[in-house]
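Report on the structure given below.
Read-outs: derived from the displayed coordinates by stated rules, not from any lab. The shown structure was predicted, so the numbers you read here are calculated from the model rather than taken from an experiment. All Cβ positions, glycine included, derive from the backbone under ideal geometry; neighbour counts span all protein chains shown.
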Amino acid sequence: MPSRSTVWTSSWSWGAITKFNLPQGWQRAARRAVLLVALAAAVIVVRRWVHHAELESVPVIVPSNVPPQTIVHPPAAAIARRMLREVRETFFPPRRPRLAVLTFDDGPYPVETPLLLAQLQALDVPAVFFVIGRDVRRQPAIAARARLAHVELGNHTATHPEMAALPLEEQQAEIAQGARDIAAVTGVRVRYFRPPHGNYDAATILAARAEGETMALWDVDPGDWRTIPTHQIIANVIMHARSPAVILLHNGKLATIEALPDIVAAYRAAGFTFVTLSQLQARLPLSEINDPLPVRLPLPAAPASSVGEHNP
Ligand SMILES: [Zn+2]
């Protein structure tokens, strides 16, 4: 009988299994079970690694003191630190105020944006509009009204290009022109920049920094840009709640406007306060904003809006 002591590290479980003198069939089943558990553990670790690598490379608010390459391609040590933090936070959940930011990309648009502003006002919630410079010039009156409402204006470029496909100078020109358009029409000097479709590379981060703007992404994405039904938007925003929650929504979508009352009610019922991005940064350190914790929120039992009207 071969000595198992020399291969103890890799086969201790086999030793443990055979030591009990189990019948052959049982031994085979036990070995299979150990292999399955090891395989499942490996799959979980790999999946969490991929998840954390993505979070590390898509921060909610891009820190100003981290090299752009490190954000686009996070080092293994940063991913490992995030995984360890997740384990720690599972056993010792940190306490933090529940804050949520409603962000709306694109526009302003002549029909939907006034409706969205009226809805936000009726719900008494602040929001952030990442507007496109070209559309601000086309709709100056609406852009100016957004400024008067409790809306923080952010820069979404001048013409909404795919930023990562452009060289650094063109990316910087897009950001600079977007900021100029917004300032010319509303008098607002923007603080935050969001790249179209959330696509960026290291040059985008450099360009935003050169223009004195902070790049802001999100941590809750219900996919409302795909024109999905209202009840689906509500369910997605509620099921993927985070603390803090920076929610990506879109200007120009009637279903999104309809979804807002149920979203706001569900978050408020769970103790969330709605704020702007500037207010979020004033209340929480970047380490917490970029480490959003999942929050379990109950789905509304019978939403007043369009649940039920999209039955297959
Ligand atoms: Zn956009």
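In the neighborhood of Ala245, defined by Cβ-to-Cβ distances under 10 Å, what is the net charge if each Lys or Arg adds +1 and each Asp or Glu adds -1?
On the way: positive: Arg98, Arg242; negative: Asp219.
Summing Lys and Arg as +1 and Asp and Glu as -1 gives +1.
Gyration tensor analysis over the Cα atoms of the chain returns equivalent ellipsoid semi-axes of 46, 25, 16 Å (largest first, whole Å). Stretched out straight at 0.36 nm per residue, the stretch from Arg283 to Arg296 would grow longer than its current Cα-Cα span by 2.5 nm. Mean-square fluctuations from a GNM of the chain, with a 10 angstrom spring cutoff on Cα atoms, peak among Asp135, Asp105, Asp124 at Asp124.
Phi angles of the range 291-298 translate, via the Karplus equation with coefficients 6.51, -1.76, 1.60 and θ = phi - 60°, into HN-Hα couplings of 10, x, 9, x, 10, 8, 10, x Hz per residue; Gly and Pro are given as x. Here the range 121-155 and the range 194-260 have alpha carbon centers that stand 16 Å from each other. Each other residue within a Cβ distance under 11 Å of Leu280 adds +1 if Lys or Arg and -1 if Asp or Glu, for a net charge of -1. With springs only between Cα atoms under 10 Å, which of Ala143, Ala41, Ala179 fluctuates most in a Gaussian network model of the chain? Result for the chain, Cα springs under 10 Å: Ala41 fluctuates most. Dividing the mean sequence gap of close Cα pairs (under 8 Å, 6+ apart) by how many residues the range 67-226 holds gives a relative contact order of 20 percent.
Summing +1 for each Lys or Arg and -1 for each Asp or Glu among the other residues whose beta-carbon sits under 14 angstrom from that of Leu297 gives +3. Residues considered: Gly271, Gly133, Gly107. Largest GNM mean-square fluctuation over the chain, using C-alpha springs under 10 Å, is found at Gly271.
Could you grab the relative contact order for the range 14-91? Cα pairs under 8 Å, six or more apart, rounded to a whole percent. Walk me through the intermediate numbers first.
Details: 25 pairs, mean separation 20.8, N = 78.
Worked out over the range 14-91, it gives 27 percent.
Working from Cα pairs under 8 Å separated by at least six residues, relative contact order for the chain is 20 percent.
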